[in-house]
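Derivation of every value follows stated rules applied to the coordinates shown; laboratory data play no part. Predicted model, so just to flag it, every value in this text is computed and none were measured. Glycine also receives a Cβ, built like all others from the backbone with ideal geometry; neighbour counts cover every protein chain displayed.
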Amino acid sequence: MDSVQYQENGARKSIFGQVIKAVFLLLISAGLYMFANDFPVYDVFEPQSAGWILWVSYANNLILPFALYFFLCLGERWLKTWQLRALLAFAIPVLLEFAQLLYYRLPHDHYVGSFDPWDIVMELLGVGLAVLIERRLFARLFKNW
C-alpha cells in the first residue's frame with residue numbers, strides 16, 4: 001500500500017499569523033500612545049530648552065498619527081488599502097487641529113490647544129513614516145504581512 005500524502009492544514013497557520021500580526025499592531029499602537037502620554041518631559045529636558053519646546057510642541061503630533069495608522073491596520077478587512085488607512089490616520093488629527101482654530105470663536109472654560117500649521121506637517125510626517133515602515137520594513141520581515 002502506498003501512503004497518501006495529505007496537504008498540511010494552512011488555515012491554522014493563517015489564523016495564527018493573523019493573531020500574531022494583531023498582537024504586534026496593538027503593541028506598537030498602544031505602546032506609542034502610552035509613551036507619548038507618559039514621557040517624563042520635565043525629567044529629561046530642562047524647561048524652555050530646545051528639546052523641551054520641540055517635545056511639547058510637536059512630538060505628539062508626530063507620534064500619535066503614527067500609532068493611529070498602525071491601529072487602523074487592525075481593520076484591514078474593512079480598510080483594505082494602505083492609502084485609505086493613511087488618509088484616515090491623517091484626516092482625524094487634521095480635523096482636530098482645525099477644530100482648535102474654530103474653538104476660540106466659541107466661549108470656553110479651559111485651554112484646548114491652539115492652531116499651528118506646523119502640527120499638520122508633523123502629522124503628515126508621522127503618517128508617512130508609518131506607511132514607509134509598514135510597506136517597506138514589515139512587509140519584508142514578516143511573510144504574512
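Quick notes on this structure:
- Relative to the current alpha-carbon distance between residue 142 and residue 129, full extension at 0.36 nm per residue lengthens the span by 2.9 nm.
- Helix-only arithmetic for the chain: the sum of -39500 (n - 2.57) across DSSP H runs with n ≥ 4, divided by the residue total, places the mean residue ellipticity at 222 nm at -20000 deg cm²/dmol.
- Qualifying trypsin sites (Lys or Arg not before Pro) in segment 19-85, DSSP loop, other Cβ atoms within 10 Å at most 12: 77, 80
- Burial ordering of 71, 142, fewest other beta-carbon atoms within 10 Å first: 142, 71
- Temperature 37 °C, viscosity 0.692 mPa s: under these conditions the Stokes-Einstein estimate for segment 21-107, based on its Kirkwood radius over C-alpha pairs, is 223 µm² per second.
- In terms of overall dimensions, the C-alpha atoms belonging to the chain reach 84, 34, 26 Å along their principal axes, ordered largest to smallest.
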